[in-house]
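Bear in mind these aren't lab numbers, they're just calculated from the coordinates by the rules spelled out. The shown structure was predicted, so the numbers you read here are calculated from the model rather than taken from an experiment. Reconstructed Cβ throughout: ideal geometry from the backbone, glycine too, with neighbour counts over all protein chains shown.
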Amino acid sequence: MTIGRVLLAAFFLVGGVMHFVLPDAYARVMPPWLGWHAEVVAISGVCEIAGGVGVLVSRVRRPAGWGLIVLSIAVLPANVQMLLNGLADSRPAWQIALLVVRLPLQAALIWWIWRVAVRNAGVRSDIPTK
């Protein structure tokens with residue numbers, strides 16, 4: 001098992017659990033046009049946990065990876081909403097900068113998921129590769 005895969009799993013497992021520990025924080029960044037905030041937060045939390053576990057299991061690694069990629073694209077409106085909320089709340093410039101930087105980092109996260117869970121889904125780390 002690769003360190004990258006374990007870190008990816010931990011990232012999504014922790015993130016998914018946090019949906020249930022701090023649900024109101026996640027609901028606050030839901031775009032107003034999207035209804036059912038509490039339900040969407042819970043569903044996305046379950047999906048993150050399932051995806052985090054899934055990338056560790058070779059039989060479901062590839063579909064789990066694709067699921068996490070779809071989920072990472074689906075949460076982009078919430079990331080944009082976080083930035084809009086920060087601007088509306090007149091947050092300090094450094095906080096706004098972090099929220100702006102977070103947007104392209106979503107692409108880096110998607111690449112990471114693809115690299116360790118989709119592209120290399122069938123590669124066993126205990127077998128030497130050329």
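The angle separating the long axis of helix 37-54 from the principal Cα axis of greatest extent in the chain is about 20 degrees. If you run the Gaussian network model on the chain, springs between alpha carbon atoms under 10 Å, then out of ARG28, ARG91, ARG62 the most flexible one is ARG91. Take the Cα of VAL46, step 7 Å toward its Cβ, do the same at ARG28, and the gap between the two points is 2.6 nm.
For the chain, what does the equivalent ellipsoid look like in terms of its semi-axes, each the square root of 5 times an eigenvalue of the Cα gyration tensor, given largest first in whole Å? Could the numbers behind the result be given before it?
Working: eigenvalues 180, 55, 25 Å².
After diagonalising the Cα gyration tensor, the semi-axes are 30, 17, 11 Å.
Only counting other Cβ atoms within 10 Å, I'd like ILE96, ILE3 sorted with the fewest neighbours first.
Going from sparsest to densest Cβ surroundings: ILE3, ILE96.
Sorted ascending by nearby beta carbons within 10 Å, beginning with the fewest, LEU34, LEU68, LEU8, LEU84 become LEU34, LEU84, LEU8, LEU68.
Taking 0.36 nm per residue of sequence separation and removing the Cα-Cα distance, the ARG119/ALA107 pair yields an extension gain of 2.7 nm.
Between the helical axis of 61-74 and the longest alpha-carbon principal axis of the chain there is an angle of about 10 degrees. Of the residues ALA38, ALA97, ALA78, the one that moves most in a GNM of the chain with alpha-carbon contacts below 10 Å is ALA97. Compute the signed sum of charges (Lys and Arg +1, Asp and Glu -1) over the other residues within less than 10 Å, Cβ to Cβ, of HIS37. Local charge sum for HIS37: -1.
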